[in-house]
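In what follows, a single structure is set out as structure tokens and then discussed.
The values are calculated or read from the model by the stated rules, or taken from the named source; none is laboratory data. On a predicted model such as this, the values are computed, not experimentally measured, just so you know. When the accessible area is computed, the model is the full protein with side chains, heavy atoms only, and any ligands, DNA or RNA have been set aside. Shrake-Rupley method; radii C 1.70, N 1.55, O 1.52, S 1.80 Å.
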Amino acid sequence: MRLELFDRREGLFELRLGGEKNPAFPIDAKTLGAAPDLLDRLLAALRAELPDLPLLTAADDVEPYRHDRTEYARPGMPLGVAVPTTTAEVATIVRLAAAHRVPLVTRGAGSGVSGGSLAVDGGLTISMAKMDAVVEIDVANLVVRCGPGIMNAELGRRVAEHGLFYPPDP
């Protein structure tokens with residue numbers, strides 16, 4: 001599997017998966033080849049390269065990031081949660097996790113109801129919650145450029161200021 005990070009203007013980004021099909025669930029760090037010492041090395045590398053990056057590792061701090069609002073979810077326990085604010089930080093996290101063979105789970109605001117942001121045992125969760133800026137509302141073309149952490153309700157309020165309606169949350 002190949003993970004590519006395409007930098008976008010003003011802190012926006014796009015992740016694309018390519019190559020082989022995604023492995024079957026359940027996926028955990030052991031399945032993907034991350035040894036316990038690699039997990040510790042990843043945390044040390046993240047702290048060295050991104051000293052200002054919020055990196056949550058205490059079980060009580062990690063707990064709210066293990067799942068979204070899916071009622072039937074059985075999330076794993078990640079080794080930690082990184083909370084970047086820039087595309088450059090995300091790129092560094094992805095690069096280091098790949099080098100250490102640690103699986104990643106990205107999550108926006110955690111408001112989903114389909115299990116899309118369930119944590120993986122021994123993996124690293126990247127919370128995009130602080131990347132919630134609305135960069136541009138192009139009324140003429142009905143296009144919004146925003147960060148991945150914006151909540152649907154907030155996006156709805158922002159486009160309503162321009163006489164538009166964002167339909168996912170009626």
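Some observations on this one:
- Taking all Cα pairs closer than 8 Å and separated by 6 or more residues, the relative contact order of the stretch 41-170 comes to 23 percent.
- Mean sequence separation of contacting Cα pairs (under 8 Å, at least six apart), scaled by the length of the stretch 56-100, corresponds to a relative contact order of 34 percent.
- Nonlocal amide H pairs with VAL135, under 5 Å, H built at 1.01 Å: ARG145, CYS146, GLY147
- Average accessible area per residue (Å²) across the stretch 76-127 - probe 1.4 Å, nucleic acids and ligands excluded: 32 Å²
- Within the assembled protein chains, the solvent-accessible surface assigned to MET151 is about 70 Å², based on a 1.4 Å probe.
- Volume of the Cα convex hull of the stretch 44-170, divided per residue and given in Å³: 118 Å³
- Amide H contacts of VAL105: LEU124, THR125, ILE126, each under 5 Å away and 5 or more positions distant or on a separate chain (H built 1.01 Å from N in the peptide plane; Pro and chain starts excluded).
- For the stretch 94-149, alpha-carbon Rg relative to the globular expectation (2.2 N^0.38 Å, N residues): 1.44
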